[in-house]
């Protein structure tokens with residue numbers, strides 16, 4: 001993936017749930033809070049985070065949120 005391209009690879013997309021998880025993390029929720037709000041286990045949240053990081057080519061929550069904002073994955077706010 002070209003880090004500076006501003007778009008995800010055509011074949012790479014975050015799932016709606018991965019986007020939900022990142023959106024809640026961006027709002028300052030802990031993984032446990034995300035799990036509670038979405039009605040899933042902490043393990044499931046961790047899996048979504050891991051998959052989103054891989055797809056976005058990042059290694060931290062801050063980088064994932066920044067990349068998602070750059071790609072306008074959270075929509076216009």
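Observations, loosely collected:
- Each of 54, 37 was scored by other Cβ atoms within 10 Å of its Cβ. Listed from fewest to most, they are 54, 37.
- Cα Rg, Dmax (largest Cα-Cα span) when computed across the range 24-77, Å: 11.1, 30
- Mean separation of Cα pairs under 8 Å and 6 or more residues apart, divided by the residue count, gives the range 16-70 a relative contact order of 38 percent.
- Simple spin-label estimate for residue 42 and residue 17 gives 1.9 nm between the two label positions (7 Å along the Cα-to-Cβ direction from each Cα).
- Order of 46, 29 under a 10 Å beta carbon neighbour criterion, fewest first: 46, 29
- Listing 72, 55 from fewest to most neighbouring C-beta atoms within 10 Å gives 72, 55.
Any read-out appearing in this document is the output of simple, stated calculations on the displayed coordinates, not a laboratory observation. Model, not experiment: these values are computed from the prediction. With ideal geometry, Cβ positions are generated from the backbone for all residues, glycine too; neighbour counts draw on all protein chains shown.
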